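Asks: Structure in structure tokens, see below.
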Amino acid sequence: MTSTDIAESTTTGVHVSGLTKSFKSPQGPVHAVRGIDLRIDVGETVALLGPNGAGKSTTIDMVLGLTKPDAGRIELFGRAPADAIAAGSVGGMLQVGGVIPDLNVRELLDMMASLYPNPLGVTEVVELCRIDDLVGRKTTKLSGGQTQRLRFAIALIANPDLLILDEPTVAMDVEARRQFWTTMRQFATRGKTVIFATHYLEEADEYADRIILMARGSVVADGPATEIKAHVGLRTIRATLPGADVAALATLPGVTNVDTRGEAVILNCSDSDTALRALLPAYPTARDIEVTGAGLEEAFLQLTGDETEEAA
Amino acid sequence: MTTMTGAAYIKYELLRTVRNKRAFIFSLIFPIVLYFLIAAPQRGNKFLDKYGISAPQYFMVGLLGFGTMIAAMSSGARIAAERQAGWNRQLRITPLTPRTYFRAKVLSSYLMAIVSIVLLYASGLSLGVRLHPVDSWFKMTGLILVALVPFAALGIALGHLLTNDSMGPAMGGITSIFAFLGGTWFPVTGGGFYANLCKGLPSYWLTRAGHIGLGSTSDPWGSRGWLTIAVWGVVCVAFARWAYKRDTGRV
């Protein structure tokens, strides 16, 4: 190991290289993750953004040592995942999961805290996650959103250096989501490394320093939130244009594809400014023109070429 | 994770065990109800009196094997439920060692078995059962606890192999077969193939352990009994380890 490697290992939280995983299925092998390389620094908050089937959960499961990769290497703080987990450096909130019955919330938190060498206090976690209204409740008497909050508290009680959250806000209402992200950021400011998976661009944009965009098992973009937003923040031009020639419209510069809704045409654009400049002289009768940001799903489809989902 | 923190984890697992109402009713109350239904009306049974054994004593010993077997395997049902909830995946991302995990599960099984034994003894005492000499109670209990090792391990193995839904029928079927062939309901007699088959089962020796309570010699097992229980114990523990490893991909 050279001195540069040592310097790197102290600042690199998560290092993944050549990560590959396929699953067997009746329809043949499903290539869930197709060779991913990532380097996440200590203290970074990173969003794994992608539609369902992008390979986010499979990647997270491999990083957490829950799934064995077919190929590739994973290091958490310079150690194998199992060693980092054994040292209590990792806290996780998995995508699916309930909690165990026959305990109340405080007891379950206390039980989980006992497994870690350097846990947060139960009182501190309860305060951080704002679940003081739940502490005396039986774990089986919680709503879906309350269970999610408890599961988040369980992930935090480890006082982990690396916090991994797989679509954590799924069962939460708007207010619970807001609170959840506030807590996550509060925790992240303690110098913690956070990775969260989401399929909401807004969540990734608002709460991550950096977005890793995944689709069909590969990383398709990786950079600061603003950059990724520009990348996937594609725009749509909508205009009323009776009797329009769809094929001709599709050839306009900056337009990637065209759709019609009655008399309205919808142009999905990689560059809406150029498209608009070309559209107006060519079709002076176009009216009611609107330019809007495209949804993430549409952006993914443009980035990945087609919508046939191979990965599960 | 240190030994002390493992102790806190185990403490909560045991607390969960005694709070589990379903296991409590099916594994503990059911054998007691059965006992009173069978034994109480036959308190004055003359046939058994001829052998110096009262009916409440005979049935207490009979149900001991069955009740403790169910209790010792009850951890399996809870493991299956925890796996279904995804809890084992959550545990796998903690520093919890397989050793502490198994220790907690085995202790839960034994806690259930001990409560089951105490309840049956108390029920027997309430119907006038007295053992002579008094230390027969302890000898019988000790041997039963040894005989439960394979069952506790088997319960854990099944919990890691089967789904929550199939756990109930599987447990019911397995305990019934073990109890039936082990001589819990009908004594195993003779030395033919059938009797030898029965004597190769741990439930047979579990039932035999109870025979201390019927005035049997101080060692109702002999080398054959100890050997059978030891072999079943080793095989079932290996089976449980294999099932856990297969389920979690961990060593």
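Asks: Output the Kirkwood hydrodynamic radius of the stretch A:234-294, Cα pairs only, in Å rounded to one decimal.
Replies: After inverting the mean inverse Cα-Cα distance, the result is 11.0 Å.
Asks: Let me know the mean shielding of A:86-93 by other chains, meaning the per-residue number of their Cβ atoms within 10 Å of its Cβ.
Replies: Averaged over the peptide's residues, the number is 3.
Asks: When the solvent-accessible surface of protein heavy atoms is calculated with a 1.4 angstrom probe, in what order do B:K105, B:K139, B:K199 fall, highest first?
Replies: The ordering from most to least exposed comes out as B:K139, B:K199, B:K105.
Asks: With every protein chain present, what is the per residue accessible area of chain B (1.4 Å probe, Å²)?
Replies: 45 Å²
Asks: Work out how far the C-alpha atoms of the stretch A:73-140 reach from end to end along every principal axis, then list the three figures in whole Å, largest first.
Replies: 42, 24, 18
Asks: Could you tell me the relative contact order of chain B? Use alpha-carbon pairs under 8 Å, at least six residues apart, and round to a whole percent.
Replies: Reported as a whole number, the value is 26 percent.
Asks: For the stretch B:1-140, just the Cα set please: Rg and Dmax, both in angstrom.
Replies: That works out to 18.8, 62 Å for Rg and Dmax.
Asks: Given contacts defined as C-alpha pairs under 8 Å and at least six residues apart, what's the relative contact order of the stretch B:146-209, whole-number percent?
Replies: 37 percent
Asks: Quick one: which of B:109-119, B:80-90, B:56-66 comes out on top by average Cβ neighbours within 10 Å, and what's the full order, highest first?
Replies: Descending mean neighbour count gives B:56-66, B:109-119, B:80-90.
Asks: Can you tell me the FRET efficiency between B:F36 and A:A171 if r is taken as the Cβ-Cβ distance and R0 is 56 Å, rounded to the nearest 0.05?
Replies: The calculated FRET efficiency here is 0.75.
Asks: Moving to a separate point now. If I model a spin label as a point 7 Å beyond the Cα along the Cα-Cβ vector, how far apart are those points for A:R34 and A:N118 in nm?
Replies: It works out to 4.1 nm between the two label points.
Asks: List the pairs from A:K68/B:K245; B:K105/B:K139; A:K56/A:K138; A:K141/B:K21 whose alpha-carbon separation is above 23 Å, in the order I gave them.
Replies: Checking Cα-Cα distances, B:K105/B:K139; A:K56/A:K138 exceed 23 Å.
Asks: Counting every Cα pair in the protein assembly as shown, what percent are over 31 Å apart?
Replies: I get 60 percent for the Cα pairs in the protein assembly as shown exceeding 31 Å.
Asks: Would you mind giving the total buried accessible surface between chains B and A, with a 1.4 Å probe and ligands, DNA and RNA left out, rounded to the nearest 100 Å²?
Replies: 2400 Å²
Asks: Please give the length that would be gained between A:N52 and A:D209 if that part of the chain were fully extended, namely 0.36 nm times their separation in residues minus their C-alpha to C-alpha distance (nm, one decimal).
Replies: Result: 54.3 nm gained on full extension.
Asks: Leaving ligands, DNA and RNA out of it, report the carbon-plus-sulfur percent of the accessible area of the stretch A:3-231 at a 1.4 Å probe.
Replies: On the stretch A:3-231, the fraction of accessible area on carbon and sulfur atoms equals 50 percent.
Asks: Still on this structure, I have one more. Ordering A:R137, A:R216 by accessible area with a probe of 1.4 Å, largest first, what comes out?
Replies: The ordering from most to least exposed comes out as A:R137, A:R216.
Asks: Sticking with this one: Nearest-5 percent of antiparallel DSSP beta bridges in the protein assembly as shown?
Replies: Roughly 70 percent of the DSSP beta bridges within the protein assembly as shown come out antiparallel.
Asks: Under a crude label model (7 Å from the Cα following the beta-carbon direction), how far is A:A250 from B:D165 in nanometres?
Replies: Placing both labels 7 Å beyond Cα along the Cβ direction yields 4.6 nm.
Asks: Ignore the peptide's own chain and count Cβ atoms of other chains within 10 Å of each Cβ in A:114-126; give me the average, rounded.
Replies: Per residue, the number of nearby Cβ atoms from other chains is 3 on average.
Asks: Turning to a different aspect of this structure: Please report the equivalent ellipsoid semi-axes of the stretch B:146-251, computed as sqrt(5 x eigenvalue) of the Cα gyration tensor, largest first, in whole Å.
Replies: 28, 16, 11
Asks: Something else now. Where does each of B:S136, A:S22 land when they are ordered by accessible area, with a 1.4 Å probe and the largest first?
Replies: Largest accessible area first, the residues go A:S22, B:S136.
Asks: Let me ask something else. What part of the accessible area of the stretch B:1-147, given as a whole %, is carbon or sulfur when the probe is 1.4 angstrom?
Replies: Answer for the stretch B:1-147: carbon and sulfur cover 70 percent of the accessible area.
Asks: In vacuum, with every alpha carbon of the stretch A:3-231 counted as one equal point scatterer, what does the Debye formula give for log10 I(q)/I(0) at q = 0.07, 0.13 Å⁻¹? Two decimals, please.
Replies: With one equal scatterer per Cα and no solvent, log10 I(q)/I(0) is -0.22, -0.77.
Asks: Now a separate question. Please state, as a whole number in µm²/s, the translational diffusion coefficient that the Stokes-Einstein equation yields for the stretch B:3-248 at 10 °C and 1.306 mPa s, with Rh defined as the Kirkwood radius across alpha carbon pairs.
Replies: Using the Kirkwood radius from Cα pairs, D works out to 85 µm²/s.
Asks: Oh, and also: Per residue of the stretch B:170-180, what does 6.51 cos²θ - 1.76 cosθ + 1.60 with θ = phi - 60° give for ³J(HN,Hα)? Whole Hz please, x for Gly and Pro, Karplus curve as stated.
Replies: Ordered by residue, 3J(HN,Hα) equals 4, 5, x, x, 5, 5, 5, 5, 4, 5, 5 Hz.
Asks: Moving on. Would you please give the FRET efficiency between A:E202 and A:R73, computed as 1/(1 + (r/R0)^6) with r the Cβ-Cβ distance and R0 = 41 Å, to the nearest 0.05?
Replies: Efficiency, from the Cβ-Cβ distance: 0.80.
The values are calculated or read from the model by the stated rules, or taken from the named source; none is laboratory data. Quick caveat, the model's predicted, so the values are computed rather than measured. No Cβ is skipped: glycine too gets one built from the backbone with ideal geometry, and neighbour counts run over all protein chains shown. For accessibility, only protein heavy atoms count, side chains too; no ligands or nucleic acids. Shrake-Rupley method; radii C 1.70, N 1.55, O 1.52, S 1.80 Å.
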